[in-house]
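The values are calculated or read from the model by the stated rules, or taken from the named source; none is laboratory data. These figures come from a predicted structure and were not determined experimentally. Positions of Cβ are backbone-derived with ideal geometry, glycine not excepted, and every protein chain shown enters the neighbour counts. Areas reflect the complete protein model, heavy atoms only, side chains present, ligands, DNA and RNA absent. Shrake-Rupley method; radii C 1.70, N 1.55, O 1.52, S 1.80 Å.
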Amino acid sequence: MSYEEDLKKMYEHLEKIKKLAYVYHVLNFDLETKCPVKNMNCASDSLNVISSQIFDLTHEKEYIDLVVSLHAKRDEAKDVYEKTLIDNLYKSYIREKNVSKELDDLASKVYSNSYIDWLNAKKNKDYSLFEPSLEKVKESQQKLIDTREDKKDNYYDTAFSDYERGLTSKDLDKLFGELRDGIVNLLNRIKKSKHKIRTDFMSREVPIEKQEQFSNYILETMGFDFSRGCIATTEHPFTDTSSKDDTRGTTHYYLNQFVSNI
């Protein structure tokens, strides 16, 4: 087939994947914001089912053949966006080509279940309740990386490069070393300064209702479109873009730490 025919077919596949991915994002958002505690295991199982279906779609022979074919013809892409799409699809294919269905299901289940265990550990202020789950997450991620042909010298470098291509632990050691030196120097200067800045207001009690109003004010001032997104509360804040018209943000309110919400 021609490049244009391949691309048209690929968009048909991506449309199916996009719809399933949207369901996954919405379910995950619900799990981390509004889901009743006693239903979290059911919600987690549902997430794993959707994840498994997405895995199936991205491992169909026709889909893989299209990814490989488009990558071979990538110079025919009409613009940088099309070429980037093809490059990213191929990169994902290389990353996941040797992952078995069983391993993918295991990693998905371990990851979603770990969130429930983390919530319980945080609530009870007992790390030991989360430690076994964290170990399982580490082990499953290492198993995933071990299947990869593009594996780096260590697990960290492989994982880092998935988010910032080419970034290594050596780069981060240098970056955080410079940050540490700069912050320590600044902190020492502040401690020696005779000018004392008031900070008591930062721990002043601010009603949650007022903080919610302020959150909305900040988002409106930034130009956030509430017809294409929302804000909710969660234990560990995050932002999730599930589609071009659905970006959901989260926050966590503390009565005596209003700055944390900001």
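Using C-alpha positions alone, give me the convex hull volume of segment 121-262 per residue in cubic angstrom.
Here the figure is 206 Å³ per residue.
Could you report the accessible area of TYR63 in Å², rounded to 10, computed with a 1.4 Å probe on the protein chains as they sit in the structure?
Estimated to the nearest 10 Å², TYR63 gives 20 Å².
Could you give the angle, 0 to 90 degrees to the nearest 10, between helix 80-96's Cα long axis and the longest principal axis of the Cα atoms of the chain?
On a 0 to 90 degree scale, this one is about 90.
Mind grabbing the accessible area of TYR155 for me, 1.4 Å probe, Å², rounded to tens?
Result for TYR155: roughly 90 Å² accessible.
Output wanted: per-residue J couplings in Hz (rounded whole) for segment 8-23, from phi through Karplus 6.51 cos²θ - 1.76 cosθ + 1.60, θ = phi - 60°, x for Gly and Pro.
4, 4, 4, 4, 5, 5, 5, 5, 5, 5, 4, 5, 5, 4, 5, 4
Roughly speaking, what is the stretch gain from LYS34 to ASN98, that is 0.36 nm per residue apart minus the C-alpha to C-alpha distance, in nm to one decimal? Provide the component values of the computation, followed by the final result.
Values: separation 64, 0.36 × 64 = 23.04 nm, distance 3.60 nm.
Extending this stretch completely gives an extra 19.4 nm.
For labels at LEU187 and LYS143 in the simple 7 Å Cα→Cβ model, what's the distance in nm?
Between LEU187 and LYS143, the label points sit 4.0 nm apart.
Go through segment 28-33 residue by residue and turn each phi into a ³J(HN,Hα) via Karplus (6.51, -1.76, 1.60, θ = phi - 60°); whole Hz please, and just put x for glycine and proline.
Each residue's phi maps through the Karplus curve to give 5, 4, 5, 4, 8, 10 Hz.
Enter the accessible area of ARG228 (Å², nearest 10), with the probe set to 1.4 Å and all protein chains included.
For ARG228, solvent-accessible area is about 100 Å².
Name the shape class, rounded, prolate or oblate, that the alpha-carbon gyration tensor gives for segment 78-127, where a ≥ b ≥ c are the square roots of its eigenvalues, rounded holds for a/c under 1.5, and otherwise prolate holds if a/b is larger than b/c and oblate otherwise.
On the way: a/c = 5.78, a/b = 2.19, b/c = 2.63.
Oblate, because a/c is 1.5 or more while a/b does not exceed b/c.
Taking all protein chains in place and a 1.4 Å probe, what share, in percent, of the accessible surface of the chain do carbon and sulfur account for?
55 percent
Taking the Cα atoms of segment 64-190 alone, what are Rg (to one decimal) and Dmax (as a whole number) in Å?
According to the Cα coordinates of segment 64-190, Rg and Dmax are 19.9, 61 Å.
Which whole-Hz couplings ³J(HN,Hα) result when phi for each residue of segment 247-255 is put into the Karplus expression 6.51 cos²θ - 1.76 cosθ + 1.60, θ = phi - 60°, listed in order with x for Gly and Pro?
10, 10, x, 9, 8, 9, 9, 10, 4
So, in Å, what gap is there between the alpha-carbon centers of segment 171-240 and segment 1-57?
32 Å
I need the calculated FRET efficiency for the pair ASP153 and LYS196, taking r as the beta carbon distance and R₀ as 41 Å, to the nearest 0.05. Intermediate results must be reported in sequence, preceding the final value.
Working: r = 49 Å, r/R0 = 1.18.
With a Förster radius of 41 Å, E is 0.25.
Would you mind estimating how fast segment 97-158 diffuses translationally, via Stokes-Einstein at 37 °C and 0.692 mPa s with the Kirkwood radius over Cα pairs, in µm²/s? Before the final figure, lay out the partial values.
On the way: Rh = 12.6 Å.
Taking Rh from Cα pairs, D becomes 260 µm²/s.
How would segment 162-246 be classified by its alpha-carbon gyration tensor: rounded, prolate or oblate, with rounded meaning a/c under 1.5 and the a/b versus b/c comparison settling the rest?
The shape class here is oblate.
Relative to 2.2 N^0.38 Å, what does the C-alpha radius of gyration of segment 12-78 come to as a ratio? Two decimals please.
Values: Rg = 16.2 Å, N = 67, 2.2 N^0.38 = 10.9 Å.
Computed over Cα atoms of segment 12-78, the ratio equals 1.49.
Mind checking the full-extension length gain between ASP65 and ASN120? Use 0.36 nm per residue of separation minus the Cα-Cα distance, one decimal, nm.
Residue separation times 0.36 nm, minus the Cα-Cα distance, leaves 15.4 nm.
Near the amide H of GLY229, under 5 Å away, which other amide H atoms are found, from residues 5 or more places off or on another chain, if H is placed in the peptide plane?
Those lying under 5 Å, H to H, from GLY229 are THR247.
Multiply the residue gap between ARG228 and HIS252 by 0.36 nm, knock off their C-alpha separation, and tell me the result in nm, one decimal place.
Once the chain is fully extended between ARG228 and HIS252, it gains 6.5 nm.
May I ask you to give the solvent-accessible area per residue for segment 128-236, in square angstrom, as obtained with a 1.4 angstrom probe?
Accessible surface, normalised per residue, equals 81 Å².
Evaluate the Debye formula for the chain with equal point scatterers sitting on the alpha carbons, no solvent, and hand back log10 of I(q)/I(0) at q = 0.09, 0.12 Å⁻¹, in q order, two decimals.
Ignoring solvent entirely, the Cα scatterers give -0.61, -1.04.
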